[in-house]
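Presented below is the structure to which this report refers.
The values are calculated or read from the model by the stated rules, or taken from the named source; none is laboratory data. Source: prediction; values computed, not measured. When we count neighbours, we look across all protein chains shown, and the Cβ atoms used for this are built from the backbone with ideal geometry, even at glycine.
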Amino acid sequence: MTRRQTARQLRVPLTVRAVHAGAALLAAGALAHVLWSGLHERGVALAFGALVLVGELARRSDATRGDDRGGAVREREPAPLGAAGALAYALLGENAGHATHHGVLQVVAVAAAAFLAGAVPHLARGRAPTLDHMARRVLTIAFAAVLFQPLYNSGKSAELIGHGPYYALWLVVIVALTGLCDAVLAAALVRARTRWPFGPLLRDELRAKRGIGSAVGASGAVMALAVAVAGLWALPLFCLPLLLTQLSFSRYAAVRTTYRQTITSLARATEIAGYTPQGHARRVAALSRAVGHDLGLSGADLVVLEYAALMHDIGQLSLVDPVRHGATADLPAVEQRRIALLGGAVVRQTGVPADVAVVVERQADPYRDQPLTARIVRAANAYDEMARGEGPGGPLAALERLRLATGRDYQPEVVESLARVLSRGGLAPAGG
């Protein structure tokens, strides 16, 4: 890796720095305000702070370590109990029928203090939450508190909304807007780091909100309403469903992670047998996923693309004599298709979704007959094969060869997307 590439990776985009700085200043200002003026309704603040702290301590410590750029399975909300507790405190107006007056800054201070305290054990194990996740959490809780606390404490909400069904509807609207705020922040941070299109990233985040995000939002609103009527004794009652949900999601994420590791291990069979160079499948998968993001693919399509890219060479195990350097792009078209069909047949026997097998089977077809995912895998594979072993000029030479073959072997839009992806990270030699 060159010094230029290292510097580019270490450089934090301005948008990311702005979000981190904004969250840090807000949290520091809120904590300073509370230290100066003291806690209002100390018992309520400590109860909600303890709830958030327990949620943070119970978080999946590896859930935020996945990287969208690398394609790892990533749990969107690793600490649902902590998130719901902080949201409930932001939406709290009464405690057992008595009005509360804690305000926006105290909400931020209590939540931030609990987040930081809960991160300490994970930090000691080297698995602390990412700064992006922490900044988003502080800013979204502040957003919810700003929408609720000033109106409630000033009495405007009672005049305009009252305390009946419209009050509950108001909380639902605030929860929905808070979820939208969090999705926009998450997409903006990934966009700043990767330069992938904002629209598909936002769509991915909003789709994720339909699962655990909806449970967190609904639980936060219900906890706030329950404490308003029954007092703080309602908190333990509503913690149990979220703890069970967190356990279920943890098990699901573990299964998904194991599933991906199995596919990765299977994909390495060609490398272990000497049919393909070390790291080839992993590089093609990383390039394919980045190109897929750049072209606007999202959700299930990206998963299919990554799995197919990892297993695209598995058909070579049927060959008696390995192809030199595993470079199937240089073989006759008939031989490429035979290997691809054999690979697809192997994939179908592994229990991987049929869509993955289709991509593997069709990667050697004329590109106009291929689905977009197969076009991406074909171009990424050809680039890695062409650039390998060509020295410093290999990446540029490989791109030039791909461009010359567009319209015949490769889709022009895919090749240009590949060029954009490579330019963002520097044109590193394949395998470097």
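Numbers below:
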read-out: Cβ pairs under 8 Å, 6+ apart, first in region 114-139 and within 23 Å of residue 187 (Cβ to Cβ), second among the polar types (S, T, N, Q) and part of a helix (DSSP H, G or I); value: none
read-out: Checking residue 196 against (1) part of a helix (DSSP H, G or I); (2) crowded, with 20+ Cβ neighbours inside 10 Å; (3) out of contact with any Lys or Arg (no Cβ under 6 Å at 6 or more places or on another chain), the condition it does not meet; value: (1)
read-out: Any hit, region 363-372, residues being under 18 Å from residue 279 (Cβ atoms), within 27 Å of the chain's Cα centre (by Cα) and at pLDDT 80 or above; value: no
read-out: Residue pairs meeting the criteria (Cβ under 9 Å; at least 6 apart or on separate chains; first without any contact (Cβ under 8 Å) to a residue 60 or more places away in the chain, in region 259-288; second acidic (Asp, Glu)); value: 267/313; 270/313; 271/313; 275/313; 276/313; 281/271; 281/313
read-out: Filter result for residue 415 (of a type in the set (Val, Ile, Thr), outside any helix (DSSP H, G or I) and buried (at least 17 other Cβ atoms within 10 Å of the Cβ)); value: no
read-out: Set 185, 180, 147: member being surrounded by 14 or more Cβ atoms within 10 Å (Cβ to Cβ), under 30 Å from residue 18 (Cβ atoms), assigned by TED's automatic domain parsing to the domain that holds residue 94 and in contact (Cβ under 8 Å) with a residue 40 or more places away in the chain; value: 185
read-out: Only listed residue being modelled with pLDDT of 85 or more and exposed (fewer than 15 other Cβ atoms within 10 Å of the Cβ), chosen from 47, 18; value: 18
read-out: When residues of region 265-296 are limited to those that are aliphatic (A, V, I, L, M), within 17 Å of residue 356 (Cα to Cα) and surrounded by fewer than 22 Cβ atoms within 10 Å (Cβ to Cβ), the one modelled with the highest pLDDT; value: 286
read-out: Failed condition for residue 161, given (1) modelled with pLDDT under 90; (2) surrounded by 17 or more Cβ atoms within 10 Å (Cβ to Cβ); (3) of a type in the set (A, V, I, L, M, F, W, C); (4) within 35 Å of the chain's Cα centre (by Cα); value: (4)
read-out: Residue match in region 385-398 (condition: at pLDDT 85 or above, within 20 Å of residue 282 (Cβ to Cβ) and of a type outside the set (D, E, K, R)); value: no
read-out: In region 315-347, residue surrounded by the most Cβ atoms within 10 Å (Cβ to Cβ) [restricted to those that are modelled with pLDDT of 75 or more and more than 21 Å from residue 386 (Cβ to Cβ)]; value: 347
read-out: Residue in region 102-112 that is over 30 Å from residue 309 (Cα atoms), part of a loop (DSSP other than H, G, I, E, B), modelled with pLDDT of 90 or more and assigned by TED's automatic domain parsing to the domain that holds residue 174 present; value: yes
read-out: Residue match in region 351-363 (condition: surrounded by fewer than 23 Cβ atoms within 10 Å (Cβ to Cβ), assigned by TED's automatic domain parsing to the domain that holds residue 302, among the β-branched types (Val, Ile, Thr) and more than 17 Å from residue 301 (Cα to Cα)); value: no
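Residues are listed down the side, and each one gets a yes or a no for (1) aromatic (Phe, Trp, Tyr); (2) farther than 23 Å from residue 233 by Cα; (3) modelled with pLDDT of 90 or more; (4) under 25 Å from the mean Cα position of the chain (by Cα):
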| position | (1), (2), (3), (4) |
| --- | --- |
| 98 | no, no, no, no |
| 114 | no, no, yes, yes |
| 122 | no, yes, no, yes |
| 126 | no, yes, no, yes |
| 140 | no, yes, yes, yes |
| 146 | no, yes, yes, no |
